[in-house]
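Heads up: the structure comes next, in structure tokens.
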Amino acid sequence: MKKKALSLPFVLWAVFFIVLPLLLIAWYGVTVEETVQFEQVQMEDGSIAYRLEDGTVTSEEPWAKKVVISLSNFKRMLEPTYLKLLGRSLRVALVTTLICLLLGYPVALILTGKDFKHPTLWLMLIILPMWMNFLLRTYSWMSILENSGILNSWISSLREAWPAFDGWLTSMGVGKKIIFLYNENAVVLGMVYNYVSFMIMPIYTVIEKIDKSLLEAASDLGATPGQSFLKVTLPYSLPGVLEGITMVFVPAVTTFVISQLMGGGKVPLIGDIIQNQFGKSSDWHFGATLSLLVMVVVLAFMGMLRKIDKDEDEEREVRII
Amino acid sequence: MSTENNCVLSVRDLRVTFDKNFVALGGVSVDIGENEFLTLLGPSGCGKTTLLRCIGGFEKPTSGEILFRGQNIIPLPPYKRNINTVFQRYALFPHLNVAQNVAFGPDLRREDKKATASKVSEMLELVGLAGFEKRKINSLSGGQQQRVAIARALINKPELLLLDEPLGALDLKLRREMQLELKRIQKESGITFIFVTHDQEEALTMSDRVAVMRAGHILQLGSPEDIYNEPKSAFVADFIGASNILPSTMVRDQLVHFLGYDFPCVDGGFGENVPVDVVLRPEDVKLKPISSGLQGVPEGVVESLLFKGVHYEMKVRSGDQVLLVHSTHARPVGTQVYLTLAPEDIQVMEKSDFSPDRRVKGEA
Amino acid sequence: MRKLRKLYIALIMIFLYAPIVLLVLYSFNNSKSRASWGGFTLKWYQELFQDKAIFSALGTTLSIGFLAAAISTVLGTFGAVMMFQMKKRNRQAMLSVINLPMLNSEVVTGVSLMLLFAIIHFQLGYWTLLLSHVVFCVPYVVLSVLPKLRQLDPNLIEAAQDLGATRIQGFFRVVLPDIMPGVVSGFLMALTMSIDDFVVSFFTTGSGVSNLSITIYTMAKRGISPKINALSTLIFGCVFFLLLALNMRDIKSEDAQSIKPSQIPY
């Protein structure tokens, strides 16, 4: 069989389940559903009926829905409410990504250190929490942080046992209960917790692959450990860092669960609004417009980071099947 | 060597063009006889591997014929040809052990397991790896992997074995050993070998016949002695070994003019006052002390001297030419010498567009 | 300096495991409230095994997870091979398309599939859930198989054919064993992604079909039952000990084979 005929099913699959759905979003995004009110007519017997577009007269259904191309949802999207939401989503996602990078890079670096024993075991321990449902883990954080939660109860027992600490906190204007939850910081914490492993893994993989003789060569040529980090490890690890940033930023910019739980509904993000449009408020068209916006923002962000395509291999044609 | 009845493989006017403009093979014809060891020799990119891959079935020629026992095999996929290949980097299957690798062909044909096992042992013995059945591929040295690859091909009793630079990855000592080994295996198995290499020494030691290739063409096909002693072109002469190739004029039959002097030679038939090239083997150029006071021979100055073990290698400048000279007698740099040549050591060739690399001429 | 590094890793571990330890503790807590410790109990575990709703959600999660992982492994491996064989330009175009579900956020993927199912009038339920999981799992398989194909020595394929294997035989006997590590890690990644997924499932399931994530999300409004904690503790414990055992075996063999026979020059 011809090579092309063989690959057709897979290409069709990708078109139908990846490209077509995105085109649908685009279509929904640029259209709105309009309610058409039909002309009212007085029937001879005095009852009220409605004339439909094709001229027939009916006593039921006084209106119909019609899909028309319109940019009104784009206008709506540019309202300050939504722009503010988008701004907050981006801010939260960027802060989350930055914190994940600052926390995760040293972990990857330490695990790949030459005197660190059993790095794969530790890496496994870092990935393992993903096997506990993330909603549950987020919940668990809530019970640590809530007003009557563990952290607060520890702090109050500390205050009782140590009046000086209590006095200091009071003088700093800290109330009896510290409010950790239901603000932007709590949302960021929830996201950092959920996504930090996504940052560690790719960086670890890349650093681990760096030829150790490069580092030896660097130190042989007189580089201090700090210099060889800056000149060798850091530049070589950049692809992993980019990968990690992608893997954290993309989910962070659109999550809606973590913000609902940790933010208690007070810190809605763009993802929450999208979810709403497809749920309670049920305006699929506006939801699609917002999805389109998110998609463009994310792809633009990725485009800034790197070329999507990292396919470095040379042109060669190999036939397997 | 190859008449119609004992011809195993006949390649007729084979052409391969890649991407519509790069000509990998530009019309190659060659007949290979029963139990022959033929070597395709040439620099990388000369088309030797493409020719081999066409015969193996991994490349579709643009035009031409490949007749295997009289049948055109071009439409056949590799698995339907009774031809096996030993690949450059062996291509042993890493997930199988030695015995499983060797038994790959018989297993595909669902041959009896017991019979296969004994055949595998037999083959491993032939290649000198008896008892290696259970070993992992990555625990073998390069030379051992090489032998497994040969055993894996030979167990299928191919009528033709193709070897694509199989010794390229081995170190010099091992390569010499394997050259003899391959020759022995070929004699014992009675199979026709087509061997691809860019190493002229390898080609000369192992082959019954050598085909020197360049830019998609066979320049010369003949026994190693023919090729070495009577290269038909400057390229062959240069490629086959360190040579001096000098632009010359054929004054008339048996008289050639180069380095500013006329030399008697044994060649003829070029016409009179025709530009030609002459090939002088480094060991054939004799140096005589200036005190000998010879007449009618070119003079030269020794420009460099290297000790090469068996002989000394010197570069001698005469006029605007620099000649490579091998001699058991060292002459210090700066020594003035006469250059003499015996008529039978002067090989005259038609002028070709080829200019040999700078190894000999331009290095001064 | 070394101590500092160890301390840092320890802190990160505490950060990662604190909520998990807490969850495990809650599953043994006699009090239903999260705020107080009411003594040790196993009653949540007992109740868990009688809770049909939770078990059906678990069943959905596992069956979707394994089916989606298996289907996407087959499809993704096939796709990777097809893409590998394409001309460079086509391959790059295809790669960009395949990358989309990974680059797009889950919300977009979920919403887009929901729209697709709505347009073709495919009733949301188990099958749409399965299909959607396959859709977002395939890229992970493709991206873990493709590098293995690139590392594959093309001569191996030719050698197999040279020795009498048809293309299909060559694929199953030579190529597949060679790329197996990529296929397996693709499968595991797909399984993990599917089991942990909430967002895509949220948009693409319907008619009362819900997996664990959705059950937990719905439950959240009324407060999470400690039974779910018990279940999660069980799942987590199983995975933890399985992976630990695998890793310990690796570590042991690592130590035993610190000098491998293959490293001794012949």
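The values are calculated or read from the model by the stated rules, or taken from the named source; none is laboratory data. Everything numeric here is computed off the predicted structure, so don't read it as measured data. Cβ: placed from backbone, ideal geometry, glycine included. Neighbour counts: every protein chain shown. Only protein heavy atoms, including side chains, enter the accessible area calculation; ligands, DNA and RNA are left aside. Shrake-Rupley method; radii C 1.70, N 1.55, O 1.52, S 1.80 Å.
Within a 10 angstrom radius of each residue's Cβ in C:74-85, how many Cβ atoms of other chains show up on average? Whole number is fine.
Going residue by residue through C:74-85 and averaging, the value is 5.
Can you tell me which of A:240, A:303, A:173 moves the most in a GNM of chain A? Springs connect C-alpha atoms under 10 Å apart.
Top of the fluctuation ranking is A:173.
Convert each backbone phi in segment A:76-92 into a coupling constant with the Karplus relation 6.51 cos²θ - 1.76 cosθ + 1.60 (shift: θ = phi - 60°), then list the ³J(HN,Hα) values in order as whole Hz, x for Gly and Pro.
Per residue, the Karplus-derived 3J(HN,Hα) values read 4, 4, 7, 5, x, 3, 6, 4, 5, 4, 4, x, 5, 4, 5, 4, 4 Hz.
Looking at the P(r) of chain B, how many percent of alpha-carbon pairs lie beyond 28 Å?
53
Exposed loop sites here are GluC sites (Glu not before Pro) in DSSP loop states with at most 11 other C-beta atoms within 10 Å. What is the longest stretch of chain B lacking them? Before the final figure, lay out the partial values.
Values: sites that count: B:4, B:272.
With a cap of 11 other Cβ atoms within 10 Å, the longest stretch comes to B:5-271.
Given the Cα atoms of segment B:199-268, and with Rh set as the inverse mean 1/r over their pairs in the Kirkwood sense, what is Rg to Rh to two decimals? Display every interim value, and only then the final one.
Details: Rg = 14.0 Å, Rh = 13.4 Å.
Using Cα coordinates only, the ratio equals 1.04.
Of all the stretches in chain A, which is the longest one without any exposed loop site, taking GluC sites (Glu not before Pro) in a DSSP loop (any state but H, G, I, E, B) with at most 11 other Cβ atoms within 10 Å?
Answer - A:61-311.
Using 1/(1 + (r/R0)^6) with R0 = 22 angstrom and r between the beta carbons of residue C:36 and residue C:239, what's the FRET efficiency to the nearest 0.05? Intermediate results must be reported in sequence, preceding the final value.
Working: r = 29 Å, r/R0 = 1.34.
Result of the calculation: an efficiency of 0.15.
For residue C:222 and residue C:96 in the same chain, what is the full-extension length gain: residue separation times 0.36 nm, less their Cα-Cα distance, in nm?
That works out to 41.1 nm of additional length.
When you look at the Cβ of every residue in C:172-179, what mean number of other chain Cβ atoms sits within 10 Å?
3
What is the ratio of the Cα radius of gyration of segment B:25-132 to 2.2 N^0.38 Å, with N the residue count, to two decimals? The partial results should precede the final answer.
Details: Rg = 16.7 Å, N = 108, 2.2 N^0.38 = 13.0 Å.
Cα-based Rg divided by the globular estimate yields 1.28.
May I ask for log10 I(q)/I(0) of segment B:211-250 at q = 0.14, 0.15, 0.26 Å⁻¹, from a Debye sum over the Cα atoms as equal point scatterers with solvent left out?
-0.30, -0.35, -0.89
Anyone know which of A:101, A:22, A:214 comes out most mobile in the 10 Å Cα GNM of chain A?
A:214
Using the Cβ atoms and a cut-off under 14 Å, what net charge is assigned to the surroundings of residue B:24, where Lys and Arg are +1 and Asp and Glu are -1?
+4
Tell me which trypsin sites (Lys or Arg not before Pro) from segment A:80-124 have a DSSP coil assignment and no more than 11 other beta carbons within 10 Å of their own.
Sparse-neighbourhood loop trypsin sites (Lys or Arg not before Pro): A:114, A:117.
Tell me, what is the percent relative contact order of chain B, built from C-alpha pairs under 8 Å that lie six or more residues apart?
Working: 767 pairs, mean separation 54.9, N = 364.
Here the relative contact order equals 15 percent.
Alpha carbons only, please: Rg and Dmax for segment C:98-250, in angstrom.
When restricted to Cα atoms, segment C:98-250 yields Rg and Dmax of 20.2, 66 Å.
What is the gain in length, in nm to one decimal, between residue A:172 and residue A:33 on full extension, counting 0.36 nm per residue of separation less the C-alpha to C-alpha distance?
Contour length minus Cα-Cα distance gives 44.5 nm.
With the full set of protein chains in place, find how many percent of the accessible area of the protein assembly as shown is carbon and sulfur; take the probe as 1.4 Å. Walk me through the numbers before you get to the answer.
Values: 27090 of 45070 Å².
Of all accessible area on the protein assembly as shown, carbon and sulfur atoms account for 60 percent.
With every protein chain in place, what's the accessible area of residue B:320 (1.4 Å probe, Å², nearest 10)?
130
Regarding chain A, what is the average projected area of its C-alpha convex hull, in nm²?
Taking the Cα atoms of chain A, their convex hull projects to 30.8 nm² on average.
So which trypsin sites (Lys or Arg not before Pro) in segment C:83-119 pass both tests, a DSSP loop state and at most 16 other Cβ atoms within 10 Å of the Cβ?
Passing sites in segment C:83-119 are C:87.
Taking the full set of protein chains and a 1.4 angstrom probe, give the accessible area of residue A:236 in square angstrom, rounded to the nearest 10.
Using a 1.4 Å probe on the heavy atoms, I get roughly 120 Å².
Which one of C:143, C:165, C:100 has its Cα pushed farthest toward the positive end of the charge dipole of segment C:84-173, where Lys and Arg give +1 and Asp and Glu give -1 at the Cβ?
In segment C:84-173, that residue is C:165.
With a cut-off of at most 11 other beta carbons within 10 Å, and DSSP calling the residue loop, which trypsin sites (Lys or Arg not before Pro) in segment A:1-83 qualify? Please list them.
Taking segment A:1-83 and a limit of 11 other Cβ atoms within 10 Å, the loop trypsin sites (Lys or Arg not before Pro) found are A:2.
Provide the per residue accessible area, probe 1.4 Å, for chain B, rounded to a whole number of square angstrom.
On the way: 16420 Å² over 364 residues.
Value for chain B: 45 Å² per residue.
Once each part is reduced to its C-alpha centroid, what is the distance from segment B:214-253 to segment A:89-103 in angstrom?
Each part reduced to its Cα centre gives a spacing of 71 Å.
With N set to the number of residues, divide the alpha-carbon radius of gyration of segment C:116-178 by 2.2 N^0.38 Å and report two decimals.
1.72
Distance between the C-alpha centers of segment B:276-321 and segment C:138-196? Whole Å please.
61
Based on the alpha-carbon gyration tensor of segment B:189-327 and its eigenvalue square roots a ≥ b ≥ c, which shape applies: rounded if a/c is under 1.5, prolate if not and a/b is larger than b/c, or oblate?
oblate
Ignore the peptide's own chain and count Cβ atoms of other chains within 10 Å of each Cβ in B:149-162; give me the average, rounded.
1
Is there a quick way to get the dipole size of the protein assembly as shown? I mean about its Cα centre, with the Cβ of Lys and Arg at +1 and of Asp and Glu at -1; what is the value in debye to the nearest 20?
That gives a dipole near 3260 debye.
Given Cα positions, please report Rg to Rh for segment A:104-146, the hydrodynamic radius being the Kirkwood one.
1.15
Can you bin every Cα-Cα distance in chain C into 10 Å intervals starting at zero and give me the percent of pairs per bin, rounded to whole numbers?
In whole percents, the pair-distance histogram is 6, 20, 26, 24, 16, 6, 1, 0.
Springs between alpha-carbon atoms under 10 Å, Gaussian network over chain C: tell me which of C:68, C:160, C:53 tops the mean-square fluctuations.
Of the options given, C:160 has the highest mean-square fluctuation.
Can you compute 3J(HN,Hα) from phi for each residue in segment A:102-112, using the Karplus curve 6.51 cos²θ - 1.76 cosθ + 1.60 with θ = phi - 60°, rounded to whole Hz and x for Gly and Pro?
Per-residue couplings from phi come out as 5, 6, x, 4, x, 4, 4, 5, 5, 5, 8 Hz.
With a 1.4 Å probe and every protein chain left in place, tell me how much accessible area residue A:125 has, in Å² to the nearest 10.
30
Nearest 500 deg cm²/dmol is fine: what mean residue ellipticity at 222 nm does the protein assembly as shown get from its DSSP H runs of n ≥ 4 alone, each adding -39,500 (n - 2.57), divided by its residue count? It would help to have the intermediate numbers written out before the result.
On the way: 36 runs with 486 residues, N = 951.
About -16500 deg cm²/dmol.
Would you mind checking the radius of gyration and Dmax of the protein assembly as shown based on alpha-carbon positions, in Å?
38.7, 143
Among C:251, A:134, B:256, which residue has its Cα positioned farthest towards the positive end of the charge dipole of the protein assembly as shown, with +1 placed on the Cβ of Lys and Arg, -1 on the Cβ of Asp and Glu, and the dipole taken about the Cα centre?
A:134
Let me test this: with uniform point scatterers at the alpha carbons of segment A:1-111, what is the Debye-based log₁₀ I(q)/I(0) at q = 0.11, 0.13, 0.19 1/Å?
Results for segment A:1-111 at q = 0.11, 0.13, 0.19 Å⁻¹ read -0.80, -0.89, -1.01.
For q values of 0.09, 0.11, 0.21 Å⁻¹, compute log₁₀ I(q)/I(0) with the Debye formula on a Cα-only model of segment A:64-198, without solvent.
-0.50, -0.69, -1.18
Taking only the C-alpha atoms, wrap a convex hull around segment B:124-169 and report its volume per residue in Å³ as a whole number.
Hull volume over Cα atoms, normalised by residue count, gives 75 Å³.
Once the Cα gyration tensor of segment B:118-245 is found, what semi-axes does its equivalent ellipsoid get, as square roots of 5 times the eigenvalues, in whole Å, sorted largest first?
That gives 32, 15, 11 Å for the three semi-axes.
Taking the Cα centre as origin and putting +1 on Lys and Arg beta-carbons and -1 on Asp and Glu beta-carbons, what dipole magnitude results for chain B, to the nearest 20 debye?
Details: 42 positive and 46 negative charges, 343 e Å.
Dipole about the Cα centre, nearest 20: 1640 debye.
If you take the beta carbon distance between residue B:130 and residue A:211 as r and set R0 to 35 Å, what does 1/(1 + (r/R0)^6) give as a FRET efficiency, to the nearest 0.05? Please list the in-between numbers first.
On the way: r = 39 Å, r/R0 = 1.12.
Result of the calculation: an efficiency of 0.35.
Quick one: how many lysine pairs in segment A:190-321 have C-alpha atoms under 22 angstrom apart, if they're 8 or more apart or on different chains?
5
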